[in-house]
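Peer 1: Starting off with a structure, shown below.
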Amino acid sequence: SLVVGLAAAAASLAIGAVVGTLAGFAGGLADEALMRLTDAFQTVPGFLLALAFVSIVGPSLSVVVMAIALSAWVQYARIVRAQTIVEAGKDYVQAARLIHVPARRIMGKHILPNTLTPVLVAATLNFGMAILTEATLSFLGIGMPPSQPSLGTLIRIGNQFLFSGSWWIVLFPVIQLCLLVVVVNVLGDWLRDVLNPKLR
């Protein structure tokens, strides 16, 4: 569950950062096309998109990671695009353009690092959601393969023994999943407070 959560959060962050930076920096028709693409992904509920993707391709670690990443990159793209538009209007970017620094270098070395503070906070929250999504898919039997350990699989198996008196088989994975998500969310709140200069 931790591996899937980390990998899915990293993959969705990478996709969203690239799309958001390109849209915000290029503007015009490219921005319009990329934002309509994000709107199209946003109209489909993230869990249903992940469910359909895993059902079509088949359960495996990489498929579950990509399914969760495809349903979560939109929020990163919007955050990075908004930050990129702000950064692109600043003097240091205009100076870099005047001396003909390549656009790829401006985006990669100047704009993108300055947009990562709010994105990192969103990534920690998305990490918790990715763990929950993976656990839900595995609970339904279409997430991780049976040979791969997963909290969702443990809860599904323990659920079969719930009314036979062996309630602890399902209780401890549920507690573990709840604690994991709570800790990740607390980490996200702490990171937001640390990275926000107005709260210091």
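The values are calculated or read from the model by the stated rules, or taken from the named source; none is laboratory data. Because the structure is a prediction, the values reported are computed rather than measured. Here Cβ is always computed from backbone atoms with ideal geometry, including for glycine, and neighbour counts include all displayed protein chains. Note: accessible area is taken over every heavy atom of the protein model, side chains too, but ligands, DNA and RNA are not part of it. Shrake-Rupley method; radii C 1.70, N 1.55, O 1.52, S 1.80 Å.
Peer 1: Can you give me the number of residues within the range 111-145 that are among the small types (Gly, Ala, Ser), open to solvent by 10 Å² or more (accessible area, probe 1.4 Å) and over 17 Å from Val57 (Cβ atoms)? Talk me through it step by step, then tell me what you get.
Peer 2: The first filter runs over the range 111-145 and keeps only residues among the small types (Gly, Ala, Ser), leaving 122-123, 128, 130, 135, 138, 141, 143.
So of that shortlist, the ones also open to solvent by 10 Å² or more (accessible area, probe 1.4 Å) come out as 122-123, 141.
With over 17 Å from Val57 (Cβ atoms) added as a condition, the list becomes 122-123.
Result for the range 111-145: 2.
Peer 1: Here's another thing I want to ask about it. Tell me which residues, restricted to the range 1-53, are over 26 Å from Pro113 (Cβ atoms), at pLDDT 85 or above and crowded, with 21+ Cβ neighbours inside 10 Å.
Peer 2: Val4
Peer 1: OK, next. Just give me the residues in the range 71-110 being of a type in the set (S, T, N, Q) and surrounded by 13 or more Cβ atoms within 10 Å (Cβ to Cβ), in sequence order. It would help to see each step written out before you state the result.
Peer 2: In the first step, residues of the range 71-110 are kept if they are of a type in the set (S, T, N, Q); the result is 71, 75, 83-84, 94.
Ser71, Gln75, Gln83, Thr84, listed by residue number.
Peer 1: Scanning for something over 23 Å from Thr21 (Cα atoms), part of a helix (DSSP H, G or I), open to solvent by 30 Å² or more (accessible area, probe 1.4 Å) and touching a Leu at 6+ places or on another chain (Cβ under 7 Å), does the range 172-187 turn up at least one residue?
Peer 2: yes
Peer 1: Look through Pro146, Pro113, Pro118 and report the one residue that is in a helix (DSSP H, G or I) and without any contact (Cβ under 8 Å) to a residue 12 or more places away in the chain.
Peer 2: Numbers: Pro146 fails: in a helix (DSSP H, G or I); Pro118 fails: without any contact (Cβ under 8 Å) to a residue 12 or more places away in the chain.
From the options Pro146, Pro113, Pro118, the qualifying one is Pro113.
Peer 1: Looking at the range 146-167, which of its residues are hydrophobic (A, V, I, L, M, F, W, C), surrounded by fewer than 14 Cβ atoms within 10 Å (Cβ to Cβ) and at pLDDT 80 or above?
Peer 2: Result: Phe161, Trp167.
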